[in-house]
Amino acid sequence: MDMDVVPELYVQSSSQANAYTLALQGKDTPPIVVITSTLLERCSDEEVQAIIGHELGHLKCNHSLYLTLGGLVSTPIRNLPLLGSQAEKLMQDWRLAAEYSCDRAAQLVSQDVNVVAGAMLKLFAGTSRVSNTKAFIEQSREYEKLFKAANPLVKASIRMQQRTHPLPVKRIAELEKWAESSEYQKIISNSV
């Protein structure tokens, strides 16, 4: 994303809680960030900032471009034995990694795992009445322990559920690890 191009922000009237980017960027067309009215109503101002940070992460990392290019490259080989399934798996892994990267962007904006967890909780729970982010974070820690000890069939089943986005508890567990890392601390200390 060109730093001179300022994305446009829109609120979409929708009963679905969601946020997304459209990077149909041309010479005179800035990228667009969209937040639905339902997600906007559910979240605090700090959570909305984290959500916008996540979406700007997609723009900054050019995820739309890479997803498009990856799709173009993998389309001709999708139906080939073995190679097609490997290409599809690589694309799926890349999509998941892109979401983790953007969760980190949300963390950099909010600088509080509880804020990012609160936004995710309200997005995925389907209501603003859930507010126990500490329990959600604790659940993510428990998930990490159980996943490490799970048998291969359970692990494979869980991985199959993660097509375009990681499981929310996995996202928070990964984000919490990163927020405690020296890498994150170095970024934060250099930004002050």
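The values are calculated or read from the model by the stated rules, or taken from the named source; none is laboratory data. If you're wondering where the values come from, they're calculated on a predicted model, not measured in any experiment. Here the Cβ positions follow ideal geometry from the backbone for every residue, glycine too, while neighbour counts run over all protein chains shown.
Take LYS122 and tell me if it is of a type in the set (Lys, Arg), farther than 15 Å from ARG104 by Cβ and within 16 Å of the chain's Cα centre (by Cα). Yes: the conditions hold for LYS122. Reported count of residues in the stretch 23-57, each being among the basic types (Lys, Arg) and either buried (at least 17 other Cβ atoms within 10 Å of the Cβ) or modelled with pLDDT of 95 or more (or both), is 1. Name, by its number, the condition in (1) more than 19 Å from the chain's Cα centre (by Cα); (2) surrounded by 15 or more Cβ atoms within 10 Å (Cβ to Cβ) that does not hold for ASN151. For ASN151, the exception is condition (2). I'd like to check something: does the stretch 79-90 contain any residue that is under 21 Å from the mean Cα position of the chain (by Cα) and under 24 Å from TYR184 (Cα atoms)? Within the stretch 79-90, none of the residues are under 21 Å from the mean Cα position of the chain (by Cα) and under 24 Å from TYR184 (Cα atoms). Each residue in the stretch 115-138 was checked for being of a type in the set (S, T, N, Q) and loosely packed, with under 15 Cβ neighbours inside 10 Å, and 3 pass. Filtering the stretch 6-22 to residues that are part of a loop (DSSP other than H, G, I, E, B) and either surrounded by 12 or more Cβ atoms within 10 Å (Cβ to Cβ) or in contact with a Gly (Cβ under 8 Å, 6 or more places away or on another chain) (or both) leaves PRO7, SER14, ALA17, ASN18. Just so you know, in the stretch 112-135 the residues that are of a type in the set (Ser, Thr, Tyr) and in a loop (DSSP other than H, G, I, E, B) include one that is nearest to ARG42 (Cα to Cα), and it is SER128.
Only residues that are crowded, with 18+ Cβ neighbours inside 10 Å, within 13 Å of ARG171 (Cα to Cα) and polar (S, T, N, Q) were counted across the stretch 82-113, and they come to 1. The residues of the stretch 27-66 that are assigned to a helix (DSSP H, G or I) and of a type in the set (Gly, Ala, Ser), listed by number, are SER37, ALA50, GLY53, GLY57, SER64. Any residue in the stretch 143-163 that is in contact (Cβ under 8 Å) with a residue 60 or more places away in the chain and not in a helix (DSSP H, G or I)? Yes, the stretch 143-163 contains a residue that is in contact (Cβ under 8 Å) with a residue 60 or more places away in the chain and not in a helix (DSSP H, G or I).
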